[in-house]
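Chemist: Handing you this structure, nothing more for now.
Throughout, read-outs are computed from the coordinates displayed, never taken from laboratory work. Just so it is clear, the model here is predicted, and its values are computed rather than measured. Cβ atoms come from the backbone with ideal geometry, glycine included; neighbour counts cover every protein chain shown.
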Amino acid sequence: MPLPVLLISIVLFFVLFFGIGFLLNMLFRSSWVMVILFPIVAILIVNQSKLIEYVRQPIESLKQLGLNFAALHMADIIILSSGLLGGICAGITIKLLRKKGYQMF
């Protein structure tokens with residue numbers, strides 16, 4: 001993966017998950033919604049089989065999911081980690097704003 005694409009992807013995932021996490025934290029009046037939902041989102045990004053396959057053939061689907069996670073390249077791991085970091089920063093920002101007296105919704 002070229003370096004400019006990697007850098008743009010890192011910033012994009014950080015901003016995307018920060019924004020979504022910030023909005024979800026405001027709506028649900030919680031601070032860590034996106035951090036809790038991030039593993040589900042990461043599984044949906046890495047997943048290649050349909051969700052119904054987890055009901056029909058759970059063992060095979062979970063094995064395939066494990067192989068997909070093991071086959072991730074370092075660039076993919078860095079990009080997904082930047083998304084998690086964006087969710088964590090959204091939680092910290094919401095906590096700081098609430099501590100300073102700002103009430104969101």
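Chemist: Cα axis of helix 33-46 to longest principal axis of the chain: angle in degrees, 0 to 90, nearest 10?
Modeler: 30
Chemist: Moving on to the next point. Nearest 20 debye, what's the magnitude of the dipole of the chain about its Cα centre given +1 on Lys and Arg Cβ and -1 on Asp and Glu Cβ? All intermediate terms of the calculation are to be shown ahead of the outcome.
Modeler: Details: 8 positive and 3 negative charges, 107 e Å.
Using Cβ point charges on Lys, Arg, Asp and Glu, the chain gives about 520 debye.
Chemist: How far, in nm, would the chain grow between Val15 and Phe69 when pulled straight, counting 0.36 nm per residue and subtracting the alpha carbon separation? It would help to have the intermediate numbers written out before the result.
Modeler: On the way: separation 54, 0.36 × 54 = 19.44 nm, distance 2.32 nm.
My answer for the length gained is 17.1 nm.
Chemist: When ranked by the protection proxy of mean other Cβ atoms within 10 Å per residue, highest first, what sequence do the peptides 79-86, 11-18, 44-51, 25-32 form? Kindly include the intermediate steps, with their values, before the conclusion.
Modeler: Working: 79-86: 19.9, 11-18: 17.6, 44-51: 12.0, 25-32: 15.6.
The packing order, highest mean first, is 79-86, 11-18, 25-32, 44-51.
Chemist: Right, something else. For the chain, what's the radius of gyration and Dmax over Cα atoms, in angstrom?
Modeler: Using the Cα atoms of the chain, the pair Rg, Dmax is 16.3, 50 Å.
Chemist: If you don't mind, there's one more thing I want to ask. For the stretch 1-63, report the translational diffusion coefficient in µm²/s to the nearest whole number, using Stokes-Einstein at 25 °C, 0.890 mPa s, and a Kirkwood Rh over Cα pairs.
Modeler: Working: Rh = 14.0 Å.
Estimated via Stokes-Einstein, D reaches 176 µm²/s.
Chemist: Given labels modelled 7 Å from the Cα in the Cβ direction, how far is it in nm from Arg56 to Ile40?
Modeler: Placing both labels 7 Å beyond Cα along the Cβ direction yields 2.3 nm.
Chemist: For the chain, what does the relative contact order come out to in percent, with C-alpha contacts under 8 Å and a separation of six or more? Before the final figure, lay out each step's value.
Modeler: Numbers: 97 pairs, mean separation 52.3, N = 105.
It rounds to 50 percent for the chain.
Chemist: Now, a different point. Calculate how steeply helix 74-99 sits against the longest principal axis of the alpha-carbon atoms of the chain, using the helix alpha-carbon long axis, and give the answer as 0 to 90 degrees to the nearest 10.
Modeler: It is inclined by approximately 20 degrees.
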